[in-house]
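Novice: Pasting a structure here, questions to come.
What follows is calculated from the coordinates using simple rules that are stated; it is not laboratory data. Remember, it's a predicted structure, so these values are computed and weren't measured experimentally. Note that each Cβ is placed from the backbone with ideal geometry, even for glycine, and that neighbours are counted across all protein chains shown.
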Amino acid sequence: MASISALVASSAKLQHFADQSSEEYDRQIRDLVTSLHRSLSSNALNFAANDPTLLDVGSASLWNRPENFDPATDAITYLFLLRLQIQTLQETSQEKLPADLLPSRVLWTKCVHYLKKFNPIQVRYVGHEWRQLIELVAQAAQAASKPFLATQLIKDAMLRLDPSCAVFTSTHLLLVRLCLHAKAYTCILPVLNKHICHFPGISERFPPKGAPVLCADHESSLAFITNNSGLSAPLGSRDLSRYFLYGGMVYLALKKWSEASHFLELVMAIPTTGPVSMIMVEAYKKWVLVGLLETGKLRPPPSMIAPNVYKVYQSIARPYINLANTFELRDLNRLNAEIDAARNVWSADNNSGLVAQVLDSFTVHSLVGIKSVFAALTVTELSEQTSSLPRDTDLAESVIASLIMSGSVSATLVHTPGHSEGTMLRFPSAHPSSQLHELQVQGRLARESNTLEALAASVKKSNNDIGLGDEFIDHMHKSKAWNSSGTDYSVAEDETRFDVDEDIMGDQI
Amino acid sequence: MELPSFTKEQITKVIVSNAPPSQLFEILSQYESDACLMSAGSGSPETGAGDPEMLCLYYSGFFFAHLLTKQMSKFPIILQVIPEARALTQRIPVTLKHHDPSLQNCLNLLRAIWQNEHGQVYRILRGLPWPDTLKHLVKRYESFFQDQTLIAVSTSYEAIRPAVAAGYLGLDTQAAEKDNQTIIQKFTDCGWTWNPETRLLYPSPITVPPTNSQPPSGIRETMAMLGNR
């Protein structure tokens, strides 16, 4: 492919096969990729290295030129040419991030155009190049101190490539880090809210016979996001811990305590053979504080964490345990003293903000405690009971009213005729959950249903992989359960064979 | 659909429109990258510091769009948007934030809402100078804030003195203290009861069903869903 017309011809040929069978399309794409690689290594594409109009975007007059490639139909050719132009510029300028690649400059605009429009099927064949472009865009935005510019782009590109986002990739980690830097917390929620079920390439060792080609429709994105696809850099458990820790921090910034807890627990529960990592300890410290914010007490350890690991956490994060224990005593003076005593610890751990929020939540949790004892009491009496409330009854009432209005405390205020000191606070007898609106219940059920469906599909896939895995087969050999009678021990082939009769008294009838 | 260019005319057009809050938010959020590019920084050598007036208009408008947008949350609408609005204020270029009076007003407003200082919220919305282009949005938020506060007060108080209720809604508290009938009627029009003997208002709880993307097909469908699991 030594000329623009050859590129245009191969592009037209590819588009012709887009509507044909998957196998034909697959063959054409692979041929194109091989041909472009060969042309690059033989410098046959050098004619396009400095042609600014070739990938022009936005110009109406140029747009209709046949040699203008469109990422929506020519994702592969466009990407190769774009990378070639970037590499040429890098070589001429001797810089990894030349000025033209920085936001709002020529090459940046082309990268943006590409990431907004690329064909998600075609890039499955050029994962390595696609990921390099994503990383370059992220670096350019950060170099310009504008990480926000890359967040939306990368998030949309990820969802375009894999709407399920169920396979963990290095782009997940890159994006969450960028969003934290840019303080664009809501931007990453569409990705964070999805369930990660796989690492790339777990099933790659045993591709099923007659597996569909890359460009075909796949039930799971695991079929095309593999170790060799290049769509993700090599990953380890440390990357996964970081992702969940940063994700937890995003939820913390949005004050979504429950989601934050869940993410932090995932970090704390990552299996480890050696000592726990600093990331895990960091997650534990934040988890203790989130527990205080959400429930007002030190929560019991999650069941998925081994007791010995939990003890290690407790011994390392002693100031946090002391803080939680003092918080539970509902003594404001002691709590203030505890916070002051370990101020350096909170600061060193970057948890000062969370600790300040814990202190702010003291009144809420004090009121919740009082609620379990009293059905009603006056604001004056309440001020005497709760050290954090102002002594002035008007001010105290204002604080209580704001807590009720914010939904933090479930109660009502009642003014009595004549004198302001007689304002009553009443706690409802009904359990708050009984007051949930029908639509809220329905919404929750629908969310749970979606989650279960997503997980069920992935569990089936994982089950199948485990059944075919070396470890499982070795285990079956060792446990002597393997015999020559031809019994099938496949985990997923027929799940019903492991069913237990629910009616255990059935045989007595 | 292609988004119109990021120009002062376009932003003004969006801000003064009566578009529903979610639409307003959606449109303005799509311009944030353009605003980010236009603001001063090494990444925008061509645009330099951009057009500060236009950027301030954009960020102020987007800030109000955050405050107006409803989200699914257990918290009242007034408060649930706070973390996101706060994140936006952290993304606004520092030079703009520190020098533009309307952005300063936005920051003060955010603080007042977070601290539940209702009187201060009304003082900021009504008393501080806002650019003409923003006045429509400010007025819109004032009305929204009043409505949401009325709902919150109606479920937080079983009985309330008129002056306190008037304070929450930004009405004349001194007149309310003297049982001003115009003010009392504003509450009774909402279904509240006025007892002249006790001189107390008895709110009738206003409950707003949560918005849901699914059609409200009732408990039967919910139970059917349970049955499938």
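Novice: With +1 on each Lys and Arg Cβ and -1 on each Asp and Glu Cβ, how big is the dipole of region A:183-291 about its Cα centre, in debye rounded to the nearest 20? Mind dumping the intermediate values first?
Specialist: Values: 10 positive and 7 negative charges, 64 e Å.
Here the size comes out at about 300 debye.
Novice: Evaluate the charge dipole of region A:242-360 about its Cα centre and quote only its size in Debye, nearest 20, assuming +1 on the Cβ of each Lys and Arg and -1 on the Cβ of each Asp and Glu.
Specialist: Roughly 120 debye, rounded to the nearest 20.
Novice: By count of other Cβ within 10 Å, fewest leading, how are A:Met249, A:Met304 ordered?
Specialist: Working: A:Met249 22, A:Met304 11.
With the fewest neighbours first, A:Met249, A:Met304 line up as A:Met304, A:Met249.
Novice: Ok, one more. Across peptide A:183-189, what mean number of C-beta atoms from other chains lies inside 10 Å of a residue's C-beta?
Specialist: Mean shielding by partner chains, rounded to a whole number: 4.
Novice: All other residues with a Cβ under 15 Å from the Cβ of A:Glu91 taken together, and with Lys, Arg as +1 and Asp, Glu as -1, what is their net charge? Before the final figure, lay out each step's value.
Specialist: On the way: positive: A:Arg83, A:Lys96; negative: A:Glu95, A:Asp100.
Residues close to A:Glu91 contribute a combined charge of 0.
Novice: Checking the table A:Lys110/A:Lys155; A:Lys110/B:Lys97; A:Lys116/B:Lys13; A:Lys194/B:Lys97; A:Lys117/A:Lys155; B:Lys139/B:Lys186 against a 23 Å threshold on Cα-Cα, which pairs fail?
Specialist: Working: A:Lys110/A:Lys155 17 Å; A:Lys110/B:Lys97 31 Å; A:Lys116/B:Lys13 26 Å; A:Lys194/B:Lys97 35 Å; A:Lys117/A:Lys155 13 Å; B:Lys139/B:Lys186 19 Å.
Violating the 23 Å Cα-Cα cut-off are A:Lys110/B:Lys97; A:Lys116/B:Lys13; A:Lys194/B:Lys97.
Novice: Further, regarding this structure: Quick one, what does Rg over Rh come out to for region A:242-360 if you take C-alpha atoms and the Kirkwood Rh? Each step should come with its number before you reach the end.
Specialist: Numbers: Rg = 13.5 Å, Rh = 14.3 Å.
Reported Rg/Rh, Kirkwood definition of Rh: 0.94.
Novice: Hey, another quick one. At 37 °C and 0.692 mPa s, what whole-number value in µm²/s does Stokes-Einstein give for the translational diffusion of region A:365-426, with Rh from the Kirkwood sum over Cα pairs? Don't skip to the answer; put the middle values down first.
Specialist: Working: Rh = 11.5 Å.
Translational D for this selection: 285 µm²/s.
Novice: For A:Gln28, what charge total do you get from the other residues with a beta carbon under 13 Å from its beta carbon, if Lys and Arg give +1 and Asp and Glu give -1? Mind showing how you got there, number by number?
Specialist: Values: positive: A:Lys13, A:Arg27, A:Arg30; negative: A:Asp19, A:Glu23, A:Glu24, A:Asp26, A:Asp31, A:Asp74.
Net charge around A:Gln28: -3.
Novice: With charges only on Cβ, +1 for K and R and -1 for D and E, what is the dipole size of region A:4-233 about its Cα centre, in debye, rounded to 20?
Specialist: In debye, rounded to 20, region A:4-233 gives about 600.
Novice: A further question follows. Mind checking which of A:Phe199, A:Leu45, A:Cys111 is farthest towards the positive end of region A:4-233's charge dipole, using Cβ charges of +1 (Lys, Arg) and -1 (Asp, Glu) about the Cα centre?
Specialist: A:Phe199
Novice: What is the distance, in nm, between label points placed 7 Å from the Cα along the Cα-to-Cβ direction at A:Arg343 and at A:Lys13?
Specialist: 7.3 nm
Novice: Further question on the same structure: Determine, for B:Cys106, A:Cys197, the number of other Cβ atoms within 10 Å of each Cβ, and report the residues in order from fewest to most.
Specialist: Values: B:Cys106 29, A:Cys197 21.
The most exposed by this proxy come first: A:Cys197, B:Cys106.
Novice: Which entries of A:Lys255/A:Lys460; A:Lys256/A:Lys460; A:Lys146/A:Lys255; A:Lys146/A:Lys285; A:Lys183/A:Lys286 show an alpha-carbon separation above 26 angstrom in the structure shown? Display every interim value, and only then the final one.
Specialist: Values: A:Lys255/A:Lys460 34 Å; A:Lys256/A:Lys460 31 Å; A:Lys146/A:Lys255 24 Å; A:Lys146/A:Lys285 30 Å; A:Lys183/A:Lys286 19 Å.
Where the Cα-Cα span goes over 26 Å, the pairs concerned are A:Lys255/A:Lys460; A:Lys256/A:Lys460; A:Lys146/A:Lys285.
Novice: For region A:4-233, report the translational diffusion coefficient in µm²/s to the nearest whole number, using Stokes-Einstein at 25 °C, 0.890 mPa s, and a Kirkwood Rh over Cα pairs. Walk me through the numbers before you get to the answer.
Specialist: Numbers: Rh = 18.4 Å.
For the chosen part, D equals 133 µm²/s.
Novice: Moving on to the next point. Which of A:Met424, A:Met278, A:Met268, B:Met38 comes first, and how do the rest follow, when ranked by fewest Cβ neighbours within 10 Å?
Specialist: Numbers: A:Met424 18, A:Met278 10, A:Met268 26, B:Met38 23.
Placing the least packed residue first, the sequence is A:Met278, A:Met424, B:Met38, A:Met268.
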